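Taking it in order: structure first as structure tokens, then the write-up.
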Amino acid sequence: MTAARPVAKAETESPPPAFDAASTRTDLAFRCRGLAIDVGVESRRIVAGLDLEVPRRQFLCILGESGVGKTTLLRVFGGLAPAAPGSTLELKGRPIVGPPDGAVFVFQNYAASLLPWRSARRNVELGLEASLAGPERKARAMAALELVKLADRADDYPWQLSGGMQQRVQLARALAVKPELLLMDEPFGALDAMTREILQVELRRIQRESGATIIFITHDVDEAVFLADRLVVLKGKPASIGLDLLSDLPVGRDQVRTKESPEYLKLRHLVYDAVRRSGD
């Protein structure tokens, strides 16, 4: 097998990068090789031959037409669903067999993810209770709430917070355990348009400040292009990688200026066209 090469920049629409089976890179957060996924009693194959390497601190968005298997793929990445035999998945070089330490999910349904009888801080502490004593647990939770700009609402209960604030609490809970990989399944899909755009900007900031590696599932091309350092479009049935692009947008992004820039519009066109053709 040839050595792995960088994914394409947005100027081209090259095929996915070759996967280097002999790679010993230490900067990878996640990798999979020959990933296949079967679903249903008849073991219908929905993903086949998927090779992916995700470096540490990268913000990766995965798109594809409805029904292509994006959510199932994310569940397999996080060990919540099985891959087909012969597939290889690793988190920081460790095989993924069941939910791995270091990978945390953030789901779309923030309301169902928070315990209504716990304050925001106590919800954030939930994932730390088995490993940290009270004072350290509280300090870690408060630091995570500070990161998502909710430290002043630490004692509020979920019903006292807006939908956007509740989703920030869920994100703070994920960040509090200092994950190696954040797996986000359309986390802003249930929010109104204005709140969603605010949180997209905030998530970019939080990702930079926390150093988290993020794999983010969305069906929204504009959201993906605005958020991502790298964009992957799934294609075909069974699905594999049809497009793999590194974004050339600046690190700091603005909902108006960024989306009016020629670079954004060009990248949006490439991704939209790939998604539109992903069922071919």
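From least to most packed, judged by other beta carbons within 10 angstrom and beginning with the fewest, R44, R57 follow the order R44, R57. Classify the stretch 140-221: rounded, prolate or oblate, from the alpha-carbon gyration tensor (a ≥ b ≥ c, eigenvalue square roots; a/c under 1.5 rounded; otherwise prolate if a/b is larger than b/c)? Oblate, because a/c is 1.5 or more while a/b does not exceed b/c. Among G134, G34, G164, which one moves the most in a GNM of the chain with springs linking Cα atoms closer than 10 Å? The residue with the greatest mean-square fluctuation here is G134. Counting beta carbons within 10 Å around each of M194, M142, M184 and listing the fewest first gives the order M194, M142, M184. If you wrap the chain in the convex hull of its Cα atoms and look at it from every side, the mean projected area works out to 15.3 nm².
Each stretch of four or more DSSP H residues adds -39500 (n - 2.57); spread over every residue of the chain, this sum gives -9500 deg cm²/dmol at 222 nm. Note on the stretch 198-262 and the stretch 116-195: Cα centroid distance 22 Å, given to the nearest whole angstrom. Residue exposure proxy: S43, S162, S240, ordered by other Cβ atoms within 10 angstrom of their Cβ from fewest to most, comes out as S43, S162, S240. Scaled against 2.2 N^0.38 Å for its residue count N, the alpha carbon radius of gyration of the stretch 111-259 is 1.12.
Pairs of C-alpha atoms in the stretch 114-178 farther apart than 15 Å represent 37 percent of all such pairs. One chain, two ends: E42 and A130. Fully extended at 0.36 nm per residue, the span grows by 27.7 nm beyond their Cα-Cα distance.
Between R94 and S162, the FRET efficiency from the beta-carbon distance, with R0 = 51 Å, is close to 0.85. Spin-label pair D222-K266: with each label point 7 Å from Cα along the Cα-Cβ axis, the two points sit 2.2 nm from one another.
Taking the chain as a Gaussian network of alpha-carbon nodes connected by springs under 10 Å, the highest mean-square fluctuation of the residues G242, G102, G252 belongs to G252.
Partner lysines whose Cα lies under 28 Å from the Cα of K266, excluding those fewer than 8 positions away in the same chain, are identified as K9, K70, K235, K237. Taking a ≥ b ≥ c as the square roots of the eigenvalues of the Cα gyration tensor, an a/c ratio of 1.5 or more together with a/b no larger than b/c marks the stretch 62-114 as oblate.
Read-outs throughout are calculated quantities, based only on the coordinates presented, and are distinct from any laboratory measurement. In this text, all values refer to a predicted model and were calculated from it rather than measured experimentally. Neighbour counts run over all protein chains shown; Cβ positions are idealised from the backbone, glycine included.
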